[in-house]
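S.K.: Below is a structure I'd like to ask you about.
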Amino acid sequence: MPENTKSNNNVTSLPGTNSALSGGGFVRAVNDWLMERALDDTDIDAIVEGMVSRLVAAGIPIERVMVGFKTLHPLYEGVSYIWSKDEGRVERSLHLDVREKNPDWLDSPMKWMSDNDVTFMRRHLIGPGAILDFNVLQTFRKSGGTDYLALMTPFTTDRDSTLGTNRIFMTYMTRRPSGFTDEDLAILSSIQRRFAVSCKMRIMHEETKTILETYLGSDAGHRVRDGQIKLGDSTKTRAVIWFSDMRNSTSVAASVGDDAFLGEMNDFFAATAGAVLKHGGQVLRYIGDATLAIFPIREDEQDLEQACTAAVYAAAEAQLNIDQLNRQREETGLPAFDYGLGMHVGDVIYGNVGVPDRVDFTVIGQAANEAARIEQLTKQLGKRVLVSHQVAKFISCPTEEMGAFELHGTGLSLKLFAPDFTEACERIQLMQAGGSRLAIIRPYCRNP
């Protein structure tokens, strides 16, 4: 049925809450438990599972529960948690294009409730009073459903932001022939706001985590959430350091224009920095069109070997990605991407710099500067990738020794090597063809 034919006349009025059970100790006990979960910052799937188990134990004949809301995430727009009696567990799903492009959302009770500011909707699925004005309700009836309840609780995310009001949706379905009783509906309505508060606390936690990890990276974001926010706070980490830079950014920008260049940079970063993330590295900073990343070394030399191997396979995959992009760009007349990449081993310092009321969480250290200087030599030596001897000692592919070079401005001379990624690229392509995610592959040969 078209959306504009749905009427508020089809909405069952909110039942009273004056029954002995809904007004008594059970609802208070569930609400108290929900508040404890909010204070404990419990995951939403655990909240749903715990709440449903209490409702079922009290005799409410629930067969299916869905909880859904918008989420602040660079990849996903919405998230839902579904518990079903058949499965006996909560399943979490992330959703793209929840609003404009998703037909399930466009023809859903939740969208209609949101558009019409309706917070309570009940639909009988069988019998003379059945109303099946949404496709999903017909699906539920075919699965044996007899009654359906949907609740919506709006809440403000940030009064000063353009994100506006978020909404927590919760739906219940039963297969009991007589459907939900008024007492069932009163109980479910009475706990909804406390449930929404518990969810909101977790949503805010997850959104804060997402923002920090999106802008700072997973490890740096974790450190900031743990309280490392004062000016001068710092932590030293030993790592394989990756510094890559787009070589021909000026010509690319000139060919596409300033407005389109941002999209070009994102394509480039997806190919290079995306490979770092895929192989377990951490992207620390984007510096113009350059990327500073690390593969942390947690413990001993064996961990150093694994970090070097991961970095090498990330570099090989970045090469594959760039080559594939360039084939596509050639077909559309766009200039090819090119880049330089330097890799080194050393210590970096996570630290807060700036002024007390405007701090930047950044990475400093001589080894990071040295990795950048190694990258600068890639153009001079005609190689896309150069690694220091500390990396070459452990990587799992053949290398060409380029000689010892003084790194500009450091007073340090390092022996540099150019890796040959032919075999590594072949192994990555084999894994991709098989539909498997590439794990960190142990070295299959060792450079002297």
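S.K.: Using Cα centres only, tell me the gap between the stretch 349-387 and the stretch 29-77 in whole Å.
M.R.: 45 Å
S.K.: Leaving out ligands and nucleic acids, note down the accessible area per residue over the stretch 316-385 with a 1.4 angstrom probe, in whole Å². Could the numbers behind the result be given before it?
M.R.: On the way: 3220 Å² over 70 residues.
For the stretch 316-385, the solvent-accessible area averages 46 Å² per residue.
S.K.: Moving to a separate point now. Can you give the net charge of the other residues whose Cβ lies under 13 Å from the Cβ of ALA260, counting K and R as +1 and D and E as -1?
M.R.: Details: positive: ARG329; negative: ASP258, ASP259, GLU264, ASP267.
Residues near ALA260 contribute -3 overall.
S.K.: A follow-up question, please. When all protein chains stay in place, what accessible area (Å², nearest 10, 1.4 Å probe) is found for ARG427?
M.R.: About 80 Å², ignoring ligands and nucleic acids.
S.K.: Then there is this: Please report, in Å, the Rg and the Dmax of the stretch 272-317, where both are computed over Cα atoms only.
M.R.: Cα only, the stretch 272-317: 10.8, 34 Å (Rg, Dmax).
S.K.: Sticking with this one: How much accessible area does GLU183 have with a 1.4 Å probe, in Å² rounded to the nearest 10?
M.R.: Here the accessible area works out near 70 Å².
S.K.: Please calculate the 1.4 Å probe accessible area of VAL385, with all protein chains present, and give it to the nearest 10 Å².
M.R.: 10 Å²
S.K.: If you don't mind, there's one more thing I want to ask. Looking at the square roots a ≥ b ≥ c of the eigenvalues of the Cα gyration tensor of the stretch 317-390, which shape do they give, rounded for a/c under 1.5, prolate if a/b is larger than b/c, or oblate? If you can, show how the numbers build up before the last one.
M.R.: Working: a/c = 3.16, a/b = 1.65, b/c = 1.91.
Here the stretch 317-390 falls in the oblate category.
S.K.: Distance from the Cα centre of the stretch 235-279 to that of the stretch 289-303, in angstrom?
M.R.: So the two Cα centres are separated by 18 Å.
S.K.: Given a Förster radius of 41 Å and the C-beta distance between GLN376 and ARG298 as r, what FRET efficiency does 1/(1 + (r/R0)^6) yield to the nearest 0.05?
M.R.: Values: r = 29 Å, r/R0 = 0.72.
So the FRET efficiency works out to roughly 0.90.
S.K.: What are the equivalent ellipsoid semi-axes of the stretch 294-448, built from the alpha-carbon gyration tensor (square roots of five times its eigenvalues), in whole angstrom, biggest first?
M.R.: Values: eigenvalues 141, 87, 71 Å².
The answer is 27, 21, 19 Å, longest axis first.
The values are calculated or read from the model by the stated rules, or taken from the named source; none is laboratory data. Keep in mind the model is a prediction, meaning the values are calculated, not measured. Neighbour counts run over all protein chains shown; Cβ positions are idealised from the backbone, glycine included. Surface accessibility is based on the protein's heavy atoms, side chains included, excluding ligands, DNA and RNA. Shrake-Rupley method; radii C 1.70, N 1.55, O 1.52, S 1.80 Å.
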